[in-house]
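I have placed the structure first, in the form of structure tokens, so that the comments after it can refer back to it.
The values are calculated or read from the model by the stated rules, or taken from the named source; none is laboratory data. From a predicted model like this one, the values you see are computed outputs, not experimental measurements. As a convention, Cβ positions derive from the backbone with ideal geometry for all residues, glycine included, and neighbour counts pool all protein chains shown.
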């Protein structure tokens, strides 16, 4: 085996064909533009590979929460977050191209656009972003080829990481074994007593998040597995049962059995943060480079990117759970048998 053959460098290193050179109007920075976007697509390829493996593990009929598989999920999600950091830093290289350098070849790209990146759309769909939650729906599939549209729609029809996370949180064994209502009655009271006067409305949000209705009590909580949109909640991704499990993991992450579940939640938030950082840097770069002009693919340019930054949060419901934390010293003490089950002995 030879290095160049193994990496198929003849294909990779001969795949940069600047349009400006073909037309005899050489634009020096077009080579940089091509290389950076090809590098993005290679990293998208790896992100799809990693998230696909995580979805396969989460999608098993049974997942042993005390097995090495959770460590595998954490490791691969961590790798995804690190790759996304690299994608953010690649913008630093792109920004060495000033606006006039881009104008030398920008018109030659029309109507090609990064908005046509099928792999990025597949990644968003695989993580949990659905058509109904998108901005710019008029552009979303309009510029893709039919086979690309079919791939994206198939990805949206398949279980997403967010949906599988919801199912995993709902079936946490500790809550199936009779532990739940007394704890949440106690915790709600402690949370209520921790609120400042200006935060009193948080109690309604607490009941809506964890019990599916604003006048709920732990005795009337929606059962695990019921439709997430029940209780008047629009486009909810995590059910009340899943939210209760996620908050419990955050509160008692010091117990050995909850360490890996907490790291999974934390890695998902890191992925969401890095995607948001990438969107912000991309938006800023576009504004700096083309101002208020439309994108080469016909989108509204900076305005579209600004709207997607605001709306396309994948794991925002997990991040919002921090609104319902209380101080460690206020936490309800767990029953001895619960503590034992959360320890190394199971």
| request: List the number of the failed condition for residue 82; all other conditions in (1) under 14 Å from the mean Cα position of the chain (by Cα); (2) surrounded by 14 or more Cβ atoms within 10 Å (Cβ to Cβ) hold. | output: (2)
| remark: Counting only helices (runs of 4 or more DSSP H) entirely within segment 7-93, those with at least 3 residues that are touching a residue at least 24 places away in the same chain (Cβ under 8 Å) and in contact with a helix residue (DSSP H, G or I) (Cβ under 6 Å, 6 or more places away or on another chain) are 30-58
| request: For residue 241, state whether it is out of contact with any strand residue (DSSP E or B) (no Cβ under 7 Å at 6 or more places or on another chain), in a helix (DSSP H, G or I), at pLDDT 95 or above and within 25 Å of residue 159 (Cα to Cα). | output: no
| Every pair of residues 6+ apart whose Cβ atoms lie under 7 Å, when the first sits in segment 253-276 and is free of Cβ contacts under 8 Å to residues at least 24 places away in the same chain while the second is in a helix (DSSP H, G or I) | 253/259; 253/262; 262/249; 262/250
| message | So in segment 153-180, with the set limited to residues that are in a helix (DSSP H, G or I) and either loosely packed, with under 14 Cβ neighbours inside 10 Å or in contact with a strand residue (DSSP E or B) (Cβ under 6 Å, 6 or more places away or on another chain) (or both), which one is modelled with the lowest pLDDT? | response | 176
| Within the bounds of segment 95-114, is there any residue that is surrounded by 12 or more Cβ atoms within 10 Å (Cβ to Cβ), under 26 Å from the mean Cα position of the chain (by Cα), in a helix (DSSP H, G or I) and modelled with pLDDT under 90? | yes
| query | Does residue 147 qualify as being more than 14 Å from the chain's Cα centre (by Cα) and closer than 25 Å to residue 268 by Cα? | reply | no
| Where residues in segment 261-287 are out of contact with any helix residue (DSSP H, G or I) (no Cβ under 7 Å at 6 or more places or on another chain) and surrounded by fewer than 17 Cβ atoms within 10 Å (Cβ to Cβ), which of them is nearest to residue 68 (Cα to Cα)? | 273
| request: Considering each residue of segment 324-334, count those that are surrounded by 10 or more Cβ atoms within 10 Å (Cβ to Cβ) and farther than 13 Å from residue 255 by Cβ, and give that number. | output: 5
| task | Could you tell me which numbered condition residue 288 fails, if it satisfies all but one of (1) at pLDDT below 75; (2) in a helix (DSSP H, G or I)? | result | (1)
| task | Identify, by number, the condition in (1) part of a helix (DSSP H, G or I); (2) surrounded by fewer than 17 Cβ atoms within 10 Å (Cβ to Cβ); (3) at pLDDT 90 or above that residue 254 doesn't meet. | result | (1)
